[in-house]
Every structure is written in C-alpha cells, then in structure tokens.
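Shown next, in structure tokens, is the structure this report addresses.
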Amino acid sequence: MPKFDEMNETDVREIVVRPLLSRLGYEHGTENTIRTEQSFRYAKAFLGRKNPGKDPPLVGRADYILEVASVGRWVVEVKSPSETLDQDTVEQAHTYAAHPEVAALFFMITNGRSFRLYRTSSLSAPIMAWEFADNEEIFLALCNLVGPDALRRKIELLTPDVEKPLGKGLGSRVQIIGGWFQYEDHVSNHPLMSIAVQDINGLRLPITGGEVSRASDGRLHAKLRTAKAMPMAGELSDLLEMEDGYDFYAPDELISTDQRKPTIFQNLLYTNAPAGTQMKIPGIGPIAAPFEFRFAATTAAVGFVEGDLFKGTMALDYQFAFVGMAPMIKAGLEAQFGPLPAHPQASGGGYFEVQLLVL
C-alpha cells in the first residue's frame, strides 16, 4: 500500500495512475496512447472564436488523455491524497472531457486513495467508485469500460451504410478539391528535434485533392493529398519513405455542421529507420544513423462543415525513440545539449480549411 500521507500529486500520477493506465493497455507512442497535460488550441468552451471576450477560459490542463486513435478517448484528472474529490473536482475534469477538441466518452478523478469514473454525459453520479485497495477487484470491470478494446467495440456497433449521406447537404462520397493546413506553436522536449521544428511554425501546406467517404466499419474516412509531406514528416520523408497522401478517420456517424460539437478526424503514422540508414540530422548534416530511429505521429483535425468548407483547428503529436544509442554518443549529446528526455516528443497546433465539392 503506498504511503499516501507522504505523497503529492506528482507521486500519485507516477506511482498510482500511470501503472494502472499501462496495465489497461495505454502506452506513449502507440495506437492506444497517453497524452499528458495537453493544452487546447482554443482554450474556451466552444470551437472557434464565438465570443472570445465573454466565453469563460479553461483553467489548467487535463492530467491524462487516454486515446485509441480515430476511435475515442477518456480523461483522468489527478489530485494529491490530501485533497477531497468534491464537486469542483468533478466539474473541472468534466470541462476537459467535454471540450470539443477532446470529446471524451468518460472521465476519471482520483487522489490516489479514491477513484471515481463518470460518463461525460452525466455528472449526477459516478458509474464506478472504489478505493485503491479495491483496484484488483474492479480491474476487469474498469477494463471492460475504458480499455482500448472496449472503446473499439463502440465502432463495431455502427452499421455500415456506404450509401448513407456523410452529413447535412453532403452525399455518401464528397470530393476534396483544395484547402490548406497552417502550422503553429511547434515545440519539442528533445534538443535535436527542437532544431527540426524551428521552421515549421507559420508554414502553410496546400491540400491538392482527395475524397471523404464511409469506411467498411462505418467510420468516416478522409483521404487527403498534399503538395508536399507534412511538417516533421516532411523533414523525415526521404528517410522514412513517406508518401504525400494521408488517411484520416473519425468514429462519428455524420460530419458535424455544429461548431459546438465538431467532428474529430485523426491520422496515425508509425514508421522506423534501422541503424545504418543514411539520415540528415538538423544542424549536423547527413550521416549513417548509429542507432534505430522510431517515429509515431498523430494529427487530429477538429472541425465542422460551413458551406463548402470543413474548417477548424488541429493538434499534432510526434513521439520518437532512439533505440540502441551507444552510451558514448548519448554522453556526447548530453554534454552539448544537457540531459536527454526519456520520452522524446514534439507537439504543435494550427488551423485548416478543406474545400469540398458540394453539388
């Protein structure tokens, strides 16, 4: 049993919550990923700038967002053991879970000692409540509610209907005839990646075509073609043999026309380059990589249809791994840049407009 009286909020996250999330099947840089303290592109209750002067701002960031890419997500809000799980805590976590850029199915609050799991659609009472000592007893029930396979079963309940319209005023297939992505606010916790992201902010990437349809499992499927590879992917495209075509999926039945309840399309990319691959290191030049490089990128396009445009905000998350890096190389990098992070990552945001051919 953890010594809760000696623990703070960070201890609860790392000693209690993170092992539980890992056991449920969530890990950084996978299809079932963990996002920590993610900021929102628009830190208000609605997507878009409805009334920035009056819309109440969000305070803080969600501690954990657990996501099964293109399927669904849920939120965990962590408090210290000395804090009680009161209604303010419930409402704070609900604010993150219900935000249009998250649209979580569930949220959980915990102070390490106690746990409460809620449906985002109902704050009247938790659907599960237990104490730390009961973790083993309730684990299977929890897994059946918020484990990755449980969230995927939501997709299986959708009845495929390839002839069904994609949304109000849209047919069952819609051509994409143009548009753009505007990239902003890219940062990284790794010194080498920090160099790579410097030229991304402010970049506008043209969309040259594509199509939106319904996949065989019922999800919305957007296939995009771009004039060149996406940022970060663009820097690594030759190395990782990427193409300039991207598949985005959303679990929604229809594409939203309501900016308060937008559709979230996601693209997920995994790839790697083995040791010895010729690669260009920003600020260093071309070298034969002395280690394996792994790369995972998730792009979430959060938007709604207005006229012939699908528009909104986007969030990008890049996770890296340098596998088999020799201690001498790591020591040299740390001597130059300082301690290297255990989980290298980069993130950014931006805006987009996708022009649809609406007949």
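The values are calculated or read from the model by the stated rules, or taken from the named source; none is laboratory data. This one's a predicted model, so the numbers in the text were calculated from it and none came from an experiment. We place every Cβ from the backbone using ideal geometry, glycine too, and count neighbours over all the protein chains shown. Calculation scope for accessible area: heavy atoms of the full protein, side chains included, ligands and nucleic acids excluded. Shrake-Rupley method; radii C 1.70, N 1.55, O 1.52, S 1.80 Å.
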Give me the accessible area per residue for the range 60-108, probe 1.4 Å, as a whole number in Å². 28
Any chance you could look up the accessible area of Ser347 with a 1.4 Å probe, heavy atoms only, rounded to 10 Å²? 50
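Determine the sum of side-chain charges near Ala296: Lys and Arg each +1, Asp and Glu each -1, restricted to other residues whose C-beta is under 12 angstrom from that of Ala296. Walk me through the intermediate numbers first.
On the way: positive: Arg294; negative: Glu27, Glu31, Asp317.
Charge balance near Ala296 sits at -2.
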Extension length gain for Met1 and Ala133 (0.36 nm per residue less Cα distance), in nm, is 46.8 nm
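Ignoring ligands, DNA and RNA, what percent of the 1.4 Å accessible area of the range 106-219 is carbon and sulfur? Spell out each step's value before the answer.
On the way: 2850 of 5580 Å².
Carbon-and-sulfur percentage of accessible area, whole number: 51.
Taking 0.36 nm per intervening residue step and subtracting the Cα-Cα distance, what contour gain separates Thr10 from Thr84 on full extension?
Working: separation 74, 0.36 × 74 = 26.64 nm, distance 1.60 nm.
Once the chain is fully extended between Thr10 and Thr84, it gains 25.0 nm.
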How much solvent-accessible surface does Arg18 expose, in Å² to the nearest 10, with a 1.4 Å probe and all protein chains in place? 60
Efficiency of FRET from Cβ geometry, Thr208 and Ser22, R₀ 41 Å, rounded to 0.05: 0.50
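For the range 261-359, what is the accessible area per residue in Å², given a 1.4 Å probe and the full set of protein chains? Numbers along the way, then the final one.
Values: 4590 Å² over 99 residues.
Value for the range 261-359: 46 Å² per residue.
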Taking N as the residue count of the range 174-218, its alpha carbon Rg divided by 2.2 N^0.38 Å gives 1.70
